[in-house]
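Inspection log for the structure reproduced underneath, given as structure tokens.
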Amino acid sequence: MNEMMRVVKVEKEEAILEPLKLEGCATCAFNNICNVDPDKQRVRVSLVGENISVGDIVEVKTPKAVATRISFVVYTVPLLIFISLLVIFKSVGYSDGISFVLSIIPVGIYYVFLRKLDQKIASKYRPKIVAIREKGSAFKVK
């Protein structure tokens, strides 16, 4: 999935980008329920060998399958863990409160594990700058 973005800030080895428009949302499975505000969404990308400056328009590539997999891992898996454990604990005879607490603890552990895993493999799934479309065109494009 490619998206056109404007360079907002350039730091040492990274650039902060904001989308011109959310093209990726049109193909996303969650576009009806997501409340992404294009004015507040920012993306960090690595500047390996890129010579860009604030205001440049760049094309950024993010694999479509990655976004779908990440959504599944972040939202669906913990929900399934929670519901499964809640049903198991209720069927064993625990009260509602105890079942809830015993079901939510593994979900918290799952998110801690996910955070550690994210730190290890984040660079593999980060968006990459494919091309610089327009130099210094921040005032030409909305």
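For the stretch 22-38, a tally of residues being touching a Lys or Arg at 6+ places or on another chain (Cβ under 8 Å) and at pLDDT 60 or above returns 1.
Of all residues in the stretch 99-142, which are outside any helix (DSSP H, G or I) and either at pLDDT 75 or above or not charged (D, E, K, R) (or both)? Result: Pro127, Lys128, Ile129, Val130, Ala131, Ile132, Arg133, Gly136, Ser137, Ala138, Phe139, Val141. Any residue in the stretch 84-98 that is touching a helix residue (DSSP H, G or I) at 6+ places or on another chain (Cβ under 8 Å) and modelled with pLDDT under 85? Within the stretch 84-98, not a single residue is touching a helix residue (DSSP H, G or I) at 6+ places or on another chain (Cβ under 8 Å) and modelled with pLDDT under 85.
Summed over the stretch 79-133, the residues that are under 26 Å from Glu14 (Cβ atoms) and more than 23 Å from the chain's Cα centre (by Cα) give a count of 1. I'd like to verify a number: residues in the stretch 53-82 that are assigned to a loop (DSSP other than H, G, I, E, B) and either at pLDDT 80 or above or loosely packed, with under 13 Cβ neighbours inside 10 Å (or both), how many? Selection size over the stretch 53-82: 5. Among the residues of the stretch 83-98, those identified as assigned to a helix (DSSP H, G or I) and surrounded by 11 or more Cβ atoms within 10 Å (Cβ to Cβ) are Ile83, Ser84, Leu85, Leu86, Val87, Ile88, Phe89, Lys90, Ile98.
The values are calculated or read from the model by the stated rules, or taken from the named source; none is laboratory data. Remember, it's a predicted structure, so these values are computed and weren't measured experimentally. Don't worry about glycine lacking a Cβ; one is built from the backbone with ideal geometry, like all the others, and counts go over all protein chains shown.
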